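Q: Mind looking over this structure? Questions follow.
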Amino acid sequence: MNERELKRLLFEADRDAEPALPPDGRLGSRIRQLDRRRRRRQGVALAAVGLIVGGGLALGSLWRPLVPDAPIRNEIAHDAPPQVDIAQARAELAELQAKIARQEAELAALVAIEKRARLNRRTLAARQKVAIGSDFQSDFQREVDRTALTLLVAADWKVERYEMIDSARSDYEHVVKKFSQTEWADVARQRLVALQN
């Protein structure tokens, strides 16, 4: 392959691929922020349950003196204790627990994305260290590999972070079609199979 063919391939890859989404440097702070929110919501849930129970007890203790024939505090009361709406408290608690579970799932997804991004960065760094040859053929192959890997990483980001499955599928198919001689084409085939399942 000559330089003109290399430029043509790179131009086609750039034209067909959507722009790659670089790893967000604020991901760690976003994870910490979500964790703080989750903890705050857990605290709010406990406080809400405490307020509901405390409010019910307070209303029950205030109600007795307002009733005209209520017994004096020192006397034994034969009335039933005040009722707290337990069903409502349980429903609110279940709703808060569901919100906490969703936040924990979102946090776990963000952690998985960050791990995958680190792995992809390490893979790219390793590929760059290995491909040190100075002749044109090795330079060309290194550029082809790098382009295929860039498309693959962009497709991974689309799947994991933005849930753009159709666009990612198109990128994987593009890697398989245009860069079939690279090892990244095999990885793209595996990811296509995983998307179909």
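The values are calculated or read from the model by the stated rules, or taken from the named source; none is laboratory data. Everything quoted here is computed from the prediction, not taken from an experiment. Cβ placement follows ideal geometry from the backbone for every residue including glycine, while neighbour counts extend to all protein chains displayed. SASA here: full protein model, heavy atoms, side chains in, ligands and nucleic acids out. Shrake-Rupley method; radii C 1.70, N 1.55, O 1.52, S 1.80 Å.
Q: Among 190-196, 158-164, how do they line up from the highest to the lowest mean number of other beta-carbon atoms within 10 Å?
A: For the peptides 190-196, 158-164, the packing ranking is 158-164, 190-196.
Q: Of the cross-linked pairs Lys115/Lys178; Lys115/Lys177; Lys158/Lys178, which ones have a Cα-Cα span greater than 26 Å in the structure shown? If you can, show how the numbers build up before the last one.
A: Numbers: Lys115/Lys178 28 Å; Lys115/Lys177 28 Å; Lys158/Lys178 20 Å.
Violating the 26 Å limit, Cα to Cα: Lys115/Lys178; Lys115/Lys177.
Q: Which whole-Hz ³J(HN,Hα) couplings does the range 31-40 yield from phi under the Karplus relation 6.51 cos²θ - 1.76 cosθ + 1.60, θ = phi - 60°, glycine and proline marked x?
A: Karplus-based 3J(HN,Hα) across the range 31-40 equals 5, 4, 5, 5, 5, 4, 4, 4, 5, 4 Hz.
Q: Let me ask you something else. Tell me the per residue accessible area of the range 91-184 using a 1.4 Å probe; a whole number in Å² is fine.
A: Working: 5300 Å² over 94 residues.
Using a 1.4 Å probe on heavy atoms only, each residue of the range 91-184 averages 56 Å².
Q: Oh, and also: Report the charge-dipole magnitude of the range 87-197 in Debye, nearest 20, computed about the Cα centre from +1 at each Lys and Arg Cβ and -1 at each Asp and Glu Cβ. Could you put the intermediate results ahead of the total?
A: Values: 19 positive and 17 negative charges, 43 e Å.
Dipole magnitude for the range 87-197 comes out near 200 debye.
Q: Still on this structure, I have one more. Provide the net charge surrounding Arg189, with neighbours chosen by a C-beta distance below 15 Å and charges set as Lys +1, Arg +1, Asp -1, Glu -1. Present the calculation step by step, with values, prior to reporting the outcome.
A: Numbers: positive: Arg169, Lys177, Lys178, Arg191; negative: Asp156, Asp171, Glu173, Glu183, Asp186.
Net of charged neighbours comes to -1.
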